[in-house]
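Every number here is computed from the coordinates shown, using simple stated rules; none is lab data. Note that this is a predicted model, so its numbers are computed, not measured.
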Amino acid sequence: MSGTQGVDKSRELKLRIVSALIGAPIVLAITWFGGTPFAALVVLCGMVMASEWATIVLGRAWTPLRLAQLALVGLAVATFAWSLSAIAAFGLVVAAVVAAGVEARGRAEPAPLRWAPWGPVYAALPSMALDAIRGAPNGLALVIFLFAVVWSTDIAAFFTGRALGGPKLWPAVSPKKTWSGALGGLFAAALAGVIVAHFAGSGRLWPVFLVGAVLSIASQAGDLFESSLKRHFGVKDSGWIIPGHGGLLDRVDGLVAAALAAALVAALNGGLAAPGAGLLDW
């Protein structure tokens, strides 16, 4: 049995590496182009995340709620991407109302009823934040900074945790994650953020180091949140779209939280209108 498990884990790791080698260049190319291609990618991802949220809390049936959420999340993110933020906000409100109204008719148990309406918010808000960051004057560098922080967190946490082991971070939710991995991921993310900021021409790098650490914490918190949600509803993966990873949410759960945190940090440090957009200039 242990030998079979070892083969399965090795195969899963290989699938993850292949998926990353194929997916990352595509995402980076679309990010480099920006504009409509990037907005379209964000809209698509928002709709997929809304669908996977529904999969987690409601199951795989294509209920009216799932269809309503997909359409309205797509509308909300798309309108926001073209600077129609009022319509986007209205779309989110409508999505929540539709979700509550449809499921209040007895088509879901109490727990799914409580969680389902939050799907559009969870999917749309970080999508909007990511699109707003890319649309900033130095948006390409900012998104690369965000990607570097999140990806470094994941990679360093995985390998540091395996190498050092030690006390578990939150065993009830994610039994494999350790404090050593979390700290290793945090340091690697902060360092990666500084490297990106240096090449982007940032002046003061210590504040950027701290921003990278904060975003790393947000990324890990987002990962734990999605793990706790799946555990609560007894679901292993949010979907199957990415070989070796499962669903899109299984891959971008950290990015979801980090994008929101980045938008908040930028807002507190002057907004997204400045060249450094509140993330790289201090």
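Structural remarks
- Under 5 Å from the amide H of L169 lie the amide H atoms of K177, T178, W179, each residue being 5 or more positions distant or on a separate chain, with H modelled from the backbone and absent for Pro and chain starts.
- For the stretch 164-177, backbone phi angles converted through the Karplus equation (6.51, -1.76, 1.60; θ = phi - 60°) give residue-by-residue couplings of 9, x, x, x, 6, 6, 7, x, 5, 9, 9, x, 8, 7 Hz, Gly and Pro being listed as x.
- Computed extension length for K168-L28: 47.1 nm, one decimal, from 0.36 nm per residue of separation with the Cα-Cα distance subtracted.
- With N the number of residues in the stretch 120-243, Rg(Cα) / (2.2 N^0.38 Å) evaluates to 1.15.
- Put simply, the amide H of L279, placed in the peptide plane, has no neighbours under 5 Å, leaving out anything fewer than 5 places away on its chain.
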